[in-house]
Structures are given as structure tokens and as C-alpha cells.
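A quick write-up on the structure given underneath.
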Amino acid sequence: MEIREQLEKYIPFNEQEVKNKEMMLKYMNMFDDLLTRENEILHFTSSGFILNETRDKVLMIHHNIYNSWAWTGGHADGEENLLDVAIREAKEETGIKAVKPIVEDVFTIDILTVDGHIKRGKYVSSHLHVSFAYLLEASEQELIRIKEDENSNVKWLPIETFLDFITEEHMKPIYAKMVD
């Protein structure tokens, strides 16, 4: 299913998502390059909120750029299947081999601000991520590993307290919405 179709059928969870959906559809009409970073204003990203089988822990990475615990995810980079992007990024960033969607539909939508930063020795200007997030599942028994160029830790955190680990205040409502 193409991105526009997924977004049009998406039922927003709250007022923030109603507004974000409206803005995302507007941006899709304004720009034809939202799937690539060539659009330096805003572009699509995809993330995975990864739960264990018993749904009491979430697999998070300690992100190098944001210096905070975060979900896994990355840029679409031309890929139209954002669920595939979320699964690929989950595997790359945590080392897990088997990850599957709990549901295949988009779980949450967000427009996220990204402050200017240095990445691989180059300055990246402030911009927006048009984010689709998916609810994924993996086994706690799987071997996890750090991806040194992106994160400094990978850990299963208890779902009832993982927000205490998040230092990016603007992301706490996003993660809390997913737990709700």
C-alpha cells in the first residue's frame, strides 16, 4: 500500500495526530521528494516501537546524536515501504535478527523536529521528520549489540518505567501515546 493511502486510512489517536495527518497530506501535495533527504526541509522517516513477547519491555537504543534513549528508526531514503524501513532499521541498530510487526498498519504518526547537528563530520541543518512508526515484536532471547556509529547502548527497558530513561522531553509524549 502506498504511503498516501496508508496515511489517508490512518485513524488519528489524538488531536496532535489529527493536525499532523492534515499537515502531512498538505506536504505530500507540496513536495514530490519527501522520500529522500534531498528535501532538506522535511522528509519521511520510519521507526519501530519494539516490544518483547510478554509486552512488558521495550527495546531501546541510546542514540549518539540525541544523547537519549530512543526507538529505532531511520530515513526512508527512497524506500516507499516504510514498514520494511522500520524492520531493517530495528535489525541494523540492535543486532536482532527476527523482528515482526504486531500489526502491519502504521501505529503512530508524528512530525518531529530535528535540531542542527554534526553527522559523519558534516553539518546537518535543522529540519522535520515526517514519521511513521510501527509496533514491532522481538524476542528478549535474541543477542543484541551496539551499532557504534549510531548508538552507545541497546537495552530492554521495562515498559512501565522506560519514560524515566528518556532525556528528550519532547519525545516523552510520543512514547507515552504509544503505550496508551
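Remarks
- Yes/no for ALA98 being among the aliphatic types (A, V, I, L, M), farther than 22 Å from LEU34 by Cα, surrounded by 21 or more Cβ atoms within 10 Å (Cβ to Cβ) and touching a Ser or Thr at 6+ places or on another chain (Cβ under 9 Å): no
- Top-ranked residue in the stretch 128-173 [being surrounded by fewer than 13 Cβ atoms within 10 Å (Cβ to Cβ) and in contact with a Gly (Cβ under 9 Å, 6 or more places away or on another chain); ranked as farthest from ASP56 (Cα to Cα)]: ARG145
- Test result for THR94, over 12 Å from the mean Cα position of the chain (by Cα) and hydroxyl-bearing (Ser, Thr, Tyr): yes
- Filtering the stretch 75-100 to residues that are over 22 Å from ASN52 (Cβ atoms) and assigned to a strand (DSSP E or B) leaves only HIS75.
- Complete set of residues in the stretch 127-147 that are part of a loop (DSSP other than H, G, I, E, B), β-branched (Val, Ile, Thr) and touching a helix residue (DSSP H, G or I) at 6+ places or on another chain (Cβ under 6 Å): ILE144
- Selection status of VAL154, over 16 Å from VAL85 (Cα atoms), aliphatic (A, V, I, L, M) and in a strand (DSSP E or B): yes
- Looking across the stretch 143-163, the residues that are at pLDDT below 95 and acidic (Asp, Glu) come down to GLU148, ASP149, GLU150.
- Residues of the stretch 34-69 satisfying the condition of being outside any loop (DSSP other than H, G, I, E, B) and at pLDDT below 95: HIS63, SER68
- For the stretch 164-180, taking the residues that are out of contact with any strand residue (DSSP E or B) (no Cβ under 7 Å at 6 or more places or on another chain) and over 16 Å from HIS129 (Cβ atoms), the one that is modelled with the lowest pLDDT is identified as ASP180.
- Annotation for the stretch 104-126: no member residue is surrounded by 15 or more Cβ atoms within 10 Å (Cβ to Cβ), out of contact with any helix residue (DSSP H, G or I) (no Cβ under 9 Å at 6 or more places or on another chain) and under 14 Å from ILE50 (Cα atoms).
- Residues of the stretch 108-120 that turn out to be closer than 11 Å to LEU7 by Cα and either in a loop (DSSP other than H, G, I, E, B) or among the polar types (S, T, N, Q) (or both), as a count: 1
- The listed residues are ASN67, ASN39, ASN14, ASN20, and the only one of them that is exposed (fewer than 12 other Cβ atoms within 10 Å of the Cβ) and farther than 16 Å from LEU82 by Cα turns out to be ASN67.
- Filter result for LEU42 (of a type in the set (A, V, I, L, M, F, W, C), in contact (Cβ under 8 Å) with a residue 60 or more places away in the chain and under 21 Å from SER125 (Cα atoms)): yes
The values are calculated or read from the model by the stated rules, or taken from the named source; none is laboratory data. Being a predicted model, the structure only gives us computed values, none of them experimental. Counting neighbours? That spans all protein chains shown, and the Cβs are built from the backbone with ideal geometry, glycine included.
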